1. With n ≥ 4 as the cut-off for DSSP H runs, can you work out [θ] at 222 nm for the protein assembly as shown, using -39500 (n - 2.57) per run divided by the number of residues, rounded to the nearest 500?
2. On average over all directions, what projected area in square nanometres does the stretch A:70-200 have, based on the convex hull of its Cα atoms?
3. With unit charges on the beta carbon (Lys/Arg positive, Asp/Glu negative), name the residue among B:12, B:95, B:55 whose Cα is farthest towards the positive pole of the charge dipole of chain B.
4. How big is the protein assembly as shown by the Kirkwood estimate over distinct Cα pairs, in Å?
5. So how strong a dipole does the stretch A:6-49 carry about its Cα centre when Lys and Arg Cβ are +1 and Asp and Glu Cβ are -1, to the nearest 20 debye?
6. Hand me the trypsin sites (Lys or Arg not before Pro) from the stretch B:256-298 located in a DSSP loop with no more than 10 other Cβ atoms within 10 Å, in residue order please.
7. Can you give the % of DSSP beta bridges in the protein assembly as shown that are antiparallel, to the nearest 5?
8. State to the nearest 20 debye the size of the charge dipole of the stretch A:189-278 about its Cα centre, where the only charges are +1 on K and R beta carbons and -1 on D and E beta carbons.
Number of protein chains: 2
Amino acid sequence: MHQPTIIDIARQLGISKSTVSRALTAHPNVNEKTRQRVLELAEKLDYQRNQLAISLLTNQTRTIGIMVPEFISFFFPKVIIGAQEELAKAGYNVVICHSNESYEIEVTNARSLFASRVDGLIVSHTKETRNFDHFRTFTRKSIPVVFFNRVWESDEVSKVVVDDYTGAYQAVEHLVQTGRRRIAHLSGPDSLPNSRSRQNGYLDALRHYEVPVDPSLIISYDLTLEKANIYVNHLLSLPEPPDALFTINDPTAIEAIQVIKARGLRIPQDVAVVGFSDDPISALIEPGLTTVAQPVDEIGRQAAACLLAQLQATNPVAEVQTVVLPTRLIVRGSS
Amino acid sequence: MHQPTIIDIARQLGISKSTVSRALTAHPNVNEKTRQRVLELAEKLDYQRNQLAISLLTNQTRTIGIMVPEFISFFFPKVIIGAQEELAKAGYNVVICHSNESYEIEVTNARSLFASRVDGLIVSHTKETRNFDHFRTFTRKSIPVVFFNRVWESDEVSKVVVDDYTGAYQAVEHLVQTGRRRIAHLSGPDSLPNSRSRQNGYLDALRHYEVPVDPSLIISYDLTLEKANIYVNHLLSLPEPPDALFTINDPTAIEAIQVIKARGLRIPQDVAVVGFSDDPISALIEPGLTTVAQPVDEIGRQAAACLLAQLQATNPVAEVQTVVLPTRLIVRGSS
DNA sequence: TTATTATTTCGGAATAATCCAAAATGCACC
DNA sequence: GGTGCATTTTGGATTATTCCGAAATAATAA
């Protein structure tokens, strides 16, 4: 009933477990005949090596933990796939945790990944995360951590981000150049660096083109669709409503489009909409959503590359780096 | 530099490692004073227990593997979240593997999960999978396996499926009742049981309403969007083109809608379209997609429940079961 | 045959934790 | 102080594997 072990093989063949171990691991110091006998019996007994025992001994699991706040929208799954492809090539396995945007679940997940001794971590944190001690647990033991999208601004970790500032700047520039003057911005929580960068891009574009900044048109919210709905309705009810809307992400923009349509307003004639991320839905809805595209699977691949660089380095701390990837404005019918 | 262990704590406190172990695990046979001293030092040294060592000893990892063919579309992530919620309540962790619809990657993933000694498996296999030996490795060692959506028709494993037959029957019944006579069906590979069930529902509905079955209107394909595009174009180019299209899933239906629109045909006047799954995009596109909804996170929860039942049973084999969940037709503008 | 070298095998240590029987300690009572 | 009992602690075994120095065996040369 129990799993066969190398000791079972050794006993049945009348040899020592060390010899079996070497035969099974392509070690040179073993007679070819012995190796054949071991391999045959292993096959016959359906022997499967116990990775737990090896990991305990070598103190490396060849497993990378990936932590994301959610994976319903296309963004995080796509990043994960990119990272996984790259890591698999290097012989690493991947375990995925999602926190459902809950700080507490994130902390629990981090603890659990630490206890199971992952060799490294790729993270995008929750919107609630303000305290990063649960990641410091890793860096303190020299376990490399790479952040992407939502990043911990610490020099203990590598980061992969897109050029949020320029992406936002170009989006707003496009709106100004197509004649918009009252451009509202649905922004994320100020605690998220990418949210701040996008907001700065928005502000600088307005200033550069000498469009007056109206604080009542800038709304930071919690990224839930319910709140998005409420705030878009609020904006459209203003005495001087906006003639354009630039949102922190595509799901928000898509929700906005539903609200605008429901109010009988035309897109883009009455209100133009621009999102951020190029969610596949953007191309399918009517009108198509103008959006700032980011190289999603490249983000995952770069994050994996950063991590592998640190894992393979003799001095991992020296390999800490920040990668900034370009964005690209895709103009569709909504603007 | 190295991780503190219970032996470090024991040495520093001048007590035995067994006592430290008991103090740390809320075991009764330990003096309250000793426990306090141990807990304090553990905190101070930032001690984290090594789950690998415990798993090796107890031969259980409290980890469940989830294997899916992809997770870009909303379906699999949603199932995973449902399962994860249920498993977390019971104190289990989850590791997720995706095979990208590749049989070979699926086999590799199964091996890797086995080597890391997961306590159970939740699986939806690839469209290529014909041989299930890599799952038999688990059942042979009494490690419970639950399939969902795409299931291995074996009495060694539990299964969670929706009533594909009735869902498809009702979809086609709806099309007949709204006056359609030439209803095409884009079906999946015959090797997938859910694909066959949906096709049978389609056929029986036609027969029941005495609508002639035209084999040239039934196309089994490989579920890629490129092929979907080609086959929809092919159907629309027939001398007697279909006046309705029932597809195996929503992504296919959405692709079909793009093709039909591009050809200048009207939906639903010229061609009605019905999908399967109620992907969130379905409600957002123009026209809204009529579709057969399935209780997605309930599938995940039920799969987790099946697995937990087997894990907690003294005789896991007796707990093997099949759960069938109901579907519900959602009528929107496309029909 | 014997010495030398190369190849192959062996047995124990190590990894970090839990568990259990046995030993030690503490305390009350006579 | 000794006895009995409860509480607490100890040391060694256990889990599956790798690694390493030592030992055994085989092959080669003198």
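1. Details: 26 runs with 300 residues, N = 670.
Per the formula, -13500 deg cm²/dmol.
2. Details: hull surface 37.1 nm².
The number I arrive at for the stretch A:70-200 is 9.3 nm².
3. Towards the positive end, the residue furthest out is B:12.
4. Working: mean 1/r = 0.0360 Å⁻¹.
In the protein assembly as shown this quantity evaluates to 27.8 Å.
5. Details: 8 positive and 5 negative charges, 31 e Å.
The calculation lands at about 140 debye.
6. On the way: sites: B:261, B:263, B:266; in loops: B:263, B:266.
Of the trypsin sites (Lys or Arg not before Pro), the ones in loops of the stretch B:256-298 whose Cβ has at most 10 other Cβ atoms within 10 Å are B:266.
7. Details: 6 of 74 bridges.
Beta bridges within the protein assembly as shown, antiparallel portion: roughly 10 percent.
8. Details: 7 positive and 12 negative charges, 22 e Å.
Once rounded to the nearest 20, the dipole reads 100 debye.
Read the figures in this text as sums done on the coordinates, not as results from a lab. Everything numeric in this text was worked out from a predicted model, so none of it was measured. Note that we place each Cβ from the backbone using ideal geometry, even for glycine, and neighbour counts take in every protein chain shown.
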